[in-house]
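Engineer: I'd like to ask you about the structure that follows.
The values are calculated or read from the model by the stated rules, or taken from the named source; none is laboratory data. Here the structure is a predicted model, which is why all the values come from computation and not from measurement. Virtual Cβ from ideal backbone geometry, glycine too; neighbours counted across all protein chains shown.
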């Protein structure tokens, strides 16, 4: 027996209807479950230092006050909460400049001097700042509210060594200058 196309289509449609009527529960009821997970995105405050001129700084000592061949410079950048704070920048020396040859002579901290931002008088590293010994304060940037919570500041430092009367033997004397940045709440500015 041969089916015409029209008869074949009717037969297929009837079969599909019969299957849908035979299993109505399976087509309409499916199992499911839902559970939610909370998402929390946190942007942490940050502060960083980028060197603009990181040295080395070389001093050609001649028995007097000798400036370095270049001025160290850096940029401090921050992204802080909007509240009253201060970003304080200091520099410190890791110790006296010691001879590379391992000799006993050294250039004491009191003979290494700095002048932040090329302004004011030179100061030696005999004091403390930012909670560090052998340190100087370079700058303080007030942060107040949303207007300055994201920012950057460039600092530089002139360095010189006063080797007058030290009678140093010839040779290279080396040391390390550290840049320190701290964020203080406005009431903590007394230290």
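Engineer: Please give the number of the condition residue 84 fails out of (1) touching a strand residue (DSSP E or B) at 6+ places or on another chain (Cβ under 6 Å); (2) closer than 16 Å to residue 182 by Cβ; (3) surrounded by fewer than 16 Cβ atoms within 10 Å (Cβ to Cβ).
Structural biologist: With respect to (1) touching a strand residue (DSSP E or B) at 6+ places or on another chain (Cβ under 6 Å); (2) closer than 16 Å to residue 182 by Cβ; (3) surrounded by fewer than 16 Cβ atoms within 10 Å (Cβ to Cβ), residue 84 is out only on (1).
Engineer: Another question, if that's okay. With the condition kept exactly as written, say whether any residue in segment 98-117 is closer than 21 Å to residue 162 by Cβ and surrounded by fewer than 12 Cβ atoms within 10 Å (Cβ to Cβ).
Structural biologist: Of segment 98-117, the ones closer than 21 Å to residue 162 by Cβ are 98-100, 103-117.
Among the residues that remain, those that are also surrounded by fewer than 12 Cβ atoms within 10 Å (Cβ to Cβ) are: 100, 104.
Checked against the condition, which is being closer than 21 Å to residue 162 by Cβ and surrounded by fewer than 12 Cβ atoms within 10 Å (Cβ to Cβ), segment 98-117 yields at least one hit.
Engineer: Further, regarding this structure: So which residues in segment 100-114 are without any contact (Cβ under 8 Å) to a residue 60 or more places away in the chain and part of a loop (DSSP other than H, G, I, E, B)?
Structural biologist: Matches in segment 100-114: 102, 104, 108.
Engineer: In segment 125-166, what residues are part of a loop (DSSP other than H, G, I, E, B) and modelled with pLDDT under 90?
Structural biologist: Within segment 125-166, 126, 127, 144, 149 qualify.
Engineer: Just to verify a result, which residue in segment 125-143, among those that are over 20 Å from the mean Cα position of the chain (by Cα) and surrounded by fewer than 18 Cβ atoms within 10 Å (Cβ to Cβ), is farthest from residue 83 (Cα to Cα)?
Structural biologist: Top of the filtered list is 126.
Engineer: Among the residues of segment 52-99, write down those that are farther than 17 Å from residue 122 by Cα, out of contact with any helix residue (DSSP H, G or I) (no Cβ under 8 Å at 6 or more places or on another chain) and in a loop (DSSP other than H, G, I, E, B).
Structural biologist: 54, 55, 56, 58, 60, 61, 62, 63, 80, 81, 94
Engineer: Is it the case that residue 154 is touching a residue at least 24 places away in the same chain (Cβ under 8 Å), touching a strand residue (DSSP E or B) at 6+ places or on another chain (Cβ under 6 Å) and closer than 17 Å to residue 68 by Cβ?
Structural biologist: Taking the combined requirement at face value, the residue does not satisfy it.
Engineer: Quick check on segment 169-187. Is at least one of its residues closer than 20 Å to residue 64 by Cα and touching a helix residue (DSSP H, G or I) at 6+ places or on another chain (Cβ under 7 Å)?
Structural biologist: No, segment 169-187 contains no residue that is closer than 20 Å to residue 64 by Cα and touching a helix residue (DSSP H, G or I) at 6+ places or on another chain (Cβ under 7 Å).
Engineer: Here's another thing I want to ask about it. Quick check: anything in segment 179-191 part of a loop (DSSP other than H, G, I, E, B), more than 24 Å from residue 46 (Cβ to Cβ), within 28 Å of the chain's Cα centre (by Cα) and at pLDDT below 95?
Structural biologist: There is at least one residue in segment 179-191 that is part of a loop (DSSP other than H, G, I, E, B), more than 24 Å from residue 46 (Cβ to Cβ), within 28 Å of the chain's Cα centre (by Cα) and at pLDDT below 95.
Engineer: Scan segment 27-59 for residues that are out of contact with any strand residue (DSSP E or B) (no Cβ under 6 Å at 6 or more places or on another chain) and under 15 Å from residue 158 (Cα atoms) and jot them down.
Structural biologist: 54, 55, 56, 58
Engineer: Still on this structure: Pairs, please: C-beta under 8 Å, at least 6 apart or cross-chain, first residue closer than 14 Å to residue 113 by Cα and in segment 72-96, second at pLDDT below 90?
Structural biologist: 72/54; 72/55
Engineer: Could you tell me which numbered condition residue 30 fails, if it satisfies all but one of (1) modelled with pLDDT under 95; (2) surrounded by 16 or more Cβ atoms within 10 Å (Cβ to Cβ); (3) in a loop (DSSP other than H, G, I, E, B)?
Structural biologist: Here residue 30 clears every test but (2).
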